[in-house]
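Report on the following structure.
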Amino acid sequence: MMQPIKEVLLFLLLAIFSKATGTKDYPNSRYSMPGDGASYCLSWRLAVEANNVRAWRTVPTQCLRYVESYMIGGQYDRDVELVVEQILCYVNEVVLSGDGMDAWILDVDDTCISNVYYYKGKRYGCDPYDPAGFRAWALKGGCPAIPGVLVLFNKLIESGLKVILVTGRDEETFGQVTRDNLHNQGFVGYERLIMRTAADKGKNAVTYKSEIRKQLLEEGYRIWGNIGDQWSDLQGECTGNRTFKLPNPMYFVP
């Protein structure tokens, strides 16, 4: 008789403990449903950064305020700073050859300079991509530096690495304005800025950037590191010894 009573008491204790600690029955939970507010948007952003959600066209409408808060409320800057700390730890371990061919690659848009003010007008990515609108914005040359990356950029140059900027912007349209924008924001002393030419028209980012990196290796450069805000900056061939992904929940570039 005592054994059934003990089992019932044990069951009740487990039930009370589960309730108190917030343990959920996941098959019946609303956690994975879009209507779950910040919890859903946090999970969505994590999935985007882990490249588990791919080829997405716009930020989910219900995540507008979440992404806005993330981008301008301080967490984005803290996340970038953490990545920069990890990069600098790695850079401190790199032994340069001294022949001037040790290189580091950085993307430009939302890696060196930010387009967050442009995307504010596009509801932080909830609106579809607007090529004409972005062109008009970029031609103003007013993209601010991402502070943590600017600090990193200067430290890379001080270390003796040749910093090479590789961007999907096309040379004919954005060449001079991009150079001026970078210079005005403190990005001075890089080895070269590589932009799309007519020969690159129609290539997706992975193909285009892979070809650029392969060309650099053929020139004799050793690519110690590669930084971008898009997975397409870091995928493909000749990616370098280490890759580092900066956060960007506002848009996806294939």
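When each of 54, 65, 78 is tested for being touching a residue at least 12 places away in the same chain (Cβ under 8 Å) and either out of contact with any strand residue (DSSP E or B) (no Cβ under 8 Å at 6 or more places or on another chain) or not β-branched (Val, Ile, Thr) (or both), the lone residue that passes is 54.
Report yes if residue 186 is small (Gly, Ala, Ser) and open to solvent by 60 Å² or more (accessible area, probe 1.4 Å), otherwise no. In short, no.
The criterion of being open to solvent by 20 Å² or more (accessible area, probe 1.4 Å), in contact (Cβ under 8 Å) with a residue 12 or more places away in the chain and in contact with an Asp or Glu (Cβ under 6 Å, 6 or more places away or on another chain) does not hold for residue 173. Taken as a whole, the condition of being in contact (Cβ under 8 Å) with a residue 24 or more places away in the chain, of a type in the set (D, E, K, R), in contact with an Asp or Glu (Cβ under 8 Å, 6 or more places away or on another chain) and loosely packed, with under 14 Cβ neighbours inside 10 Å does not apply to residue 162. Within the range 42-86, the set of residues being of a type in the set (D, E, K, R) and open to solvent by less than 50 Å² (accessible area, probe 1.4 Å) comprises 45, 49, 68, 79. Evaluated against (1) under 18 Å from the mean Cα position of the chain (by Cα); (2) assigned to a loop (DSSP other than H, G, I, E, B), residue 243 falls short on exactly one condition, (2). Does the range 29-44 contain any residue that is modelled with pLDDT of 95 or more and not in a helix (DSSP H, G or I)? Looking for residues that are modelled with pLDDT of 95 or more and not in a helix (DSSP H, G or I), one finds none in the range 29-44, hence no.
In summary, residue 100 fulfils each of the numbered conditions (1) part of a loop (DSSP other than H, G, I, E, B); (2) modelled with pLDDT of 95 or more; (3) over 22 Å from residue 227 (Cβ atoms) with the single exception of condition (3). Looking across the range 217-236, the residues that are in contact (Cβ under 8 Å) with a residue 12 or more places away in the chain and closer than 30 Å to residue 119 by Cβ come down to 223, 225, 226, 227, 228, 229, 230, 231, 232, 233, 235, 236. Scanning the range 106-152 for residues that are of a type in the set (A, V, I, L, M, F, W, C), under 12 Å from residue 178 (Cα atoms), in a helix (DSSP H, G or I) and open to solvent by 10 Å² or more (accessible area, probe 1.4 Å) returns a single hit, 137. Output the residues belonging to the range 91-107 that are under 10 Å from residue 222 (Cβ atoms) and either small (Gly, Ala, Ser) or without any contact (Cβ under 8 Å) to a residue 60 or more places away in the chain (or both). Listed by number, the residues that qualify are 97, 99, 103.
Yes/no per residue for (1) closer than 28 Å to residue 68 by Cα; (2) open to solvent by 50 Å² or more (accessible area, probe 1.4 Å); (3) assigned to a helix (DSSP H, G or I):
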site: 167; (1), (2), (3): yes, no, no
site: 178; (1), (2), (3): yes, no, yes
site: 190; (1), (2), (3): no, yes, no
site: 208; (1), (2), (3): no, no, yes
site: 211; (1), (2), (3): no, yes, yes
site: 227; (1), (2), (3): yes, no, no
site: 237; (1), (2), (3): no, yes, no
site: 247; (1), (2), (3): yes, no, no
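The values are calculated or read from the model by the stated rules, or taken from the named source; none is laboratory data. Quantities reported herein were computed from a predicted structural model and do not represent experimental measurements. Cβ: placed from backbone, ideal geometry, glycine included. Neighbour counts: every protein chain shown. Note: accessible area is taken over every heavy atom of the protein model, side chains too, but ligands, DNA and RNA are not part of it. Shrake-Rupley method; radii C 1.70, N 1.55, O 1.52, S 1.80 Å.
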